[in-house]
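Student: Starting off with a structure, shown below.
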Amino acid sequence: MNIKEYIKDKQFYIVLRLSFLVFVVYILGLLQVEDITIKFIITLWVVLNAIEIIHDYNRKSRYYNETKNILNDLDRKYLLPVVINRPEFIEGQLLYDVISVTDKGMHEEVNKYIFIQEEYKEYIDMWVHEIKTPIASSKLIIENNKNEHTLSILEEIEKIENYIEQVLYYSKSNELEKDYIVKEISLRQCVNNTIRRNKKAIRDKDISIDIQDFNKNVYCDNKWVEFILNQIIINSVKYIGNKSINKKLYRANGKIKIYIEEHSNSTELFIEDNGIGIDEKDLRKVFEKGFTGLNGRKLKKSTGMGLYISKKLADKMSLGISIDSKINEYTVVKITFPENNMMKIINN
């Protein structure tokens, strides 16, 4: 608040006081009071009112400007009522009390929803872990009774398993720090684990895997990295050699190539396939929640959540993830792992 704003706000009272002074001077003139007395009264009135206005302006402007500065510095603006002091002037006190009451009510309401969300998340976590038991039992039964029909059932069970994993990781994605352990991990090992996990789908589609001979360690959480890699590999397998999407773009010799590029401040992991590719207009939307694109709509088996969760997790871990593609030629997913020199020092 500046002096111009203050005077504009108080102009009615200032005009009223000046009018009263003029009226008093007029009456004193009618009563033939001496000029020196009238001048003294005017001077005294001006001085007293100026002192009152300056004092009122100083305390209010100091408080409001200080509050504004605190607000600008706060990352969480809703904490303002907690960090500011109660003002000395009555209007400010009334406003402060109202804001404090509403802020308290808001916090109570937010805490209620946090509690509900936590309960729901705990239930989801429990449900995910409980459902793993019948899934594991079903896979074991199929393993002991292999035939054409049971293997088809196994394929569907593995899809269910992936969707359940998406649910689990999505529920944890907002609280990554609670289940995130940064350590030195082998990128090659993460890739091998992911390929091994999808070996049946890869074999069924007769897809060849070409993994560059690399032995690179990065600092990350292998569990979260493998989840991201798994979503990418699942997509590659899904869209390689799929006649149901586009017979013209169908190719039988499916191939997934995995390699890295090392830079001074980062390591880039590439997962490249020679599948049907992604339309250029869909590329900028592939990480959006629920986006399936033209290919997903034709296949009618996509939820649009795998890449969305992967991007969300990558952002939380400060990893870069991007996709480049050309119709009927290739799709390349790049994951960038920044070099963490501080972690190297701690590890050593």
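The values are calculated or read from the model by the stated rules, or taken from the named source; none is laboratory data. Everything numeric in this text was worked out from a predicted model, so none of it was measured. All Cβ positions, even for glycine, are placed from backbone atoms using ideal geometry, and neighbour counts span all protein chains on display.
Student: Can you tell me which residue among Asn85, Asn49, Asn72 is assigned by the TED database to the domain that holds Ile7, of a type in the set (S, T, N, Q) and within 28 Å of Ile14 (Cβ to Cβ)?
Tutor: Residue meeting the stated conditions: Asn49.
Student: Go through (1) surrounded by 11 or more Cβ atoms within 10 Å (Cβ to Cβ); (2) more than 30 Å from Lys60 (Cα to Cα) for Asn147 and report which single condition fails.
Tutor: (1)
Student: Out of the residues in segment 163-199 meeting the condition of being surrounded by fewer than 16 Cβ atoms within 10 Å (Cβ to Cβ) and charged (D, E, K, R), tell me which one is modelled with the highest pLDDT.
Tutor: Arg196
Student: Would you pick out the residues in segment 252-272 that are surrounded by 18 or more Cβ atoms within 10 Å (Cβ to Cβ) and outside any strand (DSSP E or B)?
Tutor: Gly254
Student: Is it the case that segment 200-213 has a residue that's under 15 Å from Phe270 (Cα atoms) and at pLDDT below 90?
Tutor: Yes - at least one qualifying residue is present in segment 200-213.
Student: A further question on this structure: Out of (1) at pLDDT 85 or above; (2) within 24 Å of His107 (Cα to Cα), what's the single condition that is false for Gly29?
Tutor: (2)
Student: Any residue at all in segment 143-166 that's touching a Pro at 6+ places or on another chain (Cβ under 6 Å) and either in a helix (DSSP H, G or I) or farther than 30 Å from Arg197 by Cα (or both)?
Tutor: No, the conditions are met nowhere in segment 143-166.
Student: Phe337 fails exactly one of the following numbered conditions: (1) more than 21 Å from the chain's Cα centre (by Cα); (2) modelled with pLDDT of 85 or more; (3) at negative phi; (4) not hydroxyl-bearing (Ser, Thr, Tyr). What is the number of that condition?
Tutor: Here Phe337 meets the rest and fails (1).
Student: May I ask you to verify whether Ser173 is touching a Lys or Arg at 6+ places or on another chain (Cβ under 6 Å) and part of a helix (DSSP H, G or I)?
Tutor: On the way: touching a Lys or Arg at 6+ places or on another chain (Cβ under 6 Å): yes; part of a helix (DSSP H, G or I): yes.
Answer is yes for this residue.
Student: Would you say Ser318 is part of a strand (DSSP E or B), of a type outside the set (Val, Ile, Thr) and either modelled with pLDDT of 65 or more or under 22 Å from Thr267 (Cα atoms) (or both)?
Tutor: Considered against the rule, which asks whether it is part of a strand (DSSP E or B), of a type outside the set (Val, Ile, Thr) and either modelled with pLDDT of 65 or more or under 22 Å from Thr267 (Cα atoms) (or both), Ser318 comes out as no.
Student: Only residues that are assigned to a strand (DSSP E or B) and within 14 Å of Ile256 (Cβ to Cβ): list them for segment 179-212, please.
Tutor: Selection gives Ser208, Ile209, Asp210, Ile211.
Student: Checking the structure you have, find out if any residue of segment 155-163 is free of Cβ contacts under 8 Å to residues at least 60 places away in the same chain, under 24 Å from Ile131 (Cα atoms) and touching a Ser or Thr at 6+ places or on another chain (Cβ under 9 Å).
Tutor: yes
Student: Those residues that are part of a loop (DSSP other than H, G, I, E, B) and surrounded by fewer than 16 Cβ atoms within 10 Å (Cβ to Cβ), I need them from segment 213-239; list them, please.
Tutor: Within segment 213-239, Asp213, Asn215, Lys216 meet the criteria.
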